[in-house]
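The block underneath contains the structure these notes are about, expressed in structure tokens.
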């Protein structure tokens, strides 16, 4: 079951890594196109992303160990190369969600 779209933003410099993450966590296809360099606020790229309930919770809680485990598991399930733990942590710590996008950028 998909949730409502959630606004996410990451630094424009991490767009390739963020789109790799999108490909891993997307239930369908097309996740590799999640972040569009033409959709920016300041130096951040913004996307409005639907999630499954489980993955939305992982994203919103931003617990490092939970991100590491969930993303590695999802990559394995999809037969994809996992992101490095360092890249996952960089994305997690750089992520802005919802109202944080306008107020912190």
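Return yes when residue 4 is at negative phi, assigned to a loop (DSSP other than H, G, I, E, B) and touching a residue at least 40 places away in the same chain (Cβ under 8 Å) and no when it is not.
Yes.
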Test each condition in (1) out of contact with any helix residue (DSSP H, G or I) (no Cβ under 6 Å at 6 or more places or on another chain); (2) outside any helix (DSSP H, G or I); (3) farther than 20 Å from residue 3 by Cβ for residue 47 and report the one that comes out false.
(3)
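Is one or more of the residues making up region 51-68 over 16 Å from residue 4 (Cα atoms), crowded, with 18+ Cβ neighbours inside 10 Å, at pLDDT 90 or above and in contact with a strand residue (DSSP E or B) (Cβ under 8 Å, 6 or more places away or on another chain)?
The answer is no; no qualifying residue exists.
For region 28-41, which positions are touching a helix residue (DSSP H, G or I) at 6+ places or on another chain (Cβ under 9 Å), surrounded by 12 or more Cβ atoms within 10 Å (Cβ to Cβ) and either in a loop (DSSP other than H, G, I, E, B) or modelled with pLDDT of 95 or more (or both)? Don't jump to the end; show me each part of the working.
We begin by selecting, within region 28-41, every residue touching a helix residue (DSSP H, G or I) at 6+ places or on another chain (Cβ under 9 Å); these are 29-37, 40-41.
From what's left, surrounded by 12 or more Cβ atoms within 10 Å (Cβ to Cβ): 31-36, 40-41.
Once the filter is applied, which keeps residues that are touching a helix residue (DSSP H, G or I) at 6+ places or on another chain (Cβ under 9 Å), surrounded by 12 or more Cβ atoms within 10 Å (Cβ to Cβ) and either in a loop (DSSP other than H, G, I, E, B) or modelled with pLDDT of 95 or more (or both), region 28-41 yields 34, 35, 36.
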Among what's in region 59-105 and is touching a residue at least 40 places away in the same chain (Cβ under 8 Å) and not in a helix (DSSP H, G or I), pick the residue that is nearest to the chain's Cα centre (by Cα).
95
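The values are calculated or read from the model by the stated rules, or taken from the named source; none is laboratory data. Here the structure is a predicted model, which means the values were calculated and not measured. Heads up, the Cβs are rebuilt from the backbone with ideal geometry, glycines too, and the neighbour counts pull from every protein chain shown.
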